[in-house]
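The structure appears below as C-alpha cells.
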C-alpha cells in the first residue's frame with residue numbers, strides 16, 4: 001500500500017518523496033488583493049455560437065421502411081407518427097469548416113394504449129447518427145441539417161447602373177499589352 005502526502009501547494013506525492021522536498025516559505029499574513037482583469041480581457045464569459053431557427057430531421061418507420069423528412073422549428077413541438085419531437089437547439093458549422101450539425105432534441109412517445117413517456121432527450125450529431133440515437137421499436141429519428149442563416153441583409157448599393165471593375169493596383173493609363181508574334185498558336 002502506497003502512502004501519499006499532501007504538500008502545502010496541493011500536490012499529492014508519495015510519502016518517501018515528500019520528505020526530500022523542502023517546505024515552501026510561509027505566506028505573509030497580509031491578504032492578497034484580487035487581481036484586476038487585464039485591459040484586453042473579455043468582460044464576461046465567451047458567448048456560445050448562436051443556434052439556428054429550424055432543424056431538419058429524418059424519421060424512419062421501421063415497419064413500412066418509409067423515410068419522412070421532418071422540419072422542426074426551434075422550441076415548437078412537431079408530430080411524427082406517435083412521436084412528438086421538440087428541437088431545443090441546433091447548430092451547423094459554416095461551409096468553410098468540416099461539416100457538422102449538432103442539435104439538442106427531446107422526443108416523447110404518445111401511444112394510445114400507454115401513458116406518454118420521454119424516449120429521448122439529448123444531443124444528436126449529424127455526422128454520427130448512431131452515436132446518440134433514439135431507441136424505439138417502431139421509429140428511428142436522426143439529424144440532417146440546421147438552418148442557422150440569419151435574415152438576409154439588404155444591399156447597401158441599390159443602384160442598377162453598371163460598375164467598371166478595376167484591379168486595386170491598376171490605373172487608367174494602363175492599356176492592353178500586345179502579345180508577341182506566334183504566342184496565340
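Restricting segment 87-106 to residues that are part of a strand (DSSP E or B) and surrounded by fewer than 16 Cβ atoms within 10 Å (Cβ to Cβ), the residue that is farthest from the chain's Cα centre (by Cα) is 106.
Conditions tested, residue by residue: (1) modelled with pLDDT of 65 or more; (2) touching a strand residue (DSSP E or B) at 6+ places or on another chain (Cβ under 8 Å); (3) surrounded by fewer than 12 Cβ atoms within 10 Å (Cβ to Cβ).
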position	(1), (2), (3)
85	yes, yes, no
125	yes, yes, no
131	yes, yes, yes
146	yes, yes, no
151	no, no, yes
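Residue-by-condition table, conditions (1) touching a helix residue (DSSP H, G or I) at 6+ places or on another chain (Cβ under 7 Å); (2) closer than 22 Å to residue 53 by Cα; (3) in a loop (DSSP other than H, G, I, E, B):
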site: 108; (1), (2), (3): no, yes, no
site: 123; (1), (2), (3): no, yes, no
site: 127; (1), (2), (3): no, yes, yes
site: 135; (1), (2), (3): no, no, yes
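Residues that are touching a strand residue (DSSP E or B) at 6+ places or on another chain (Cβ under 8 Å), farther than 15 Å from residue 125 by Cα and loosely packed, with under 11 Cβ neighbours inside 10 Å do not occur anywhere in segment 53-61.
Across segment 48-59, not a single residue is classified as outside any loop (DSSP other than H, G, I, E, B) and free of Cβ contacts under 8 Å to residues at least 24 places away in the same chain.
The values are calculated or read from the model by the stated rules, or taken from the named source; none is laboratory data. No experiment lies behind these values; they were computed from the predicted model shown. Positions of Cβ are backbone-derived with ideal geometry, glycine not excepted, and every protein chain shown enters the neighbour counts.
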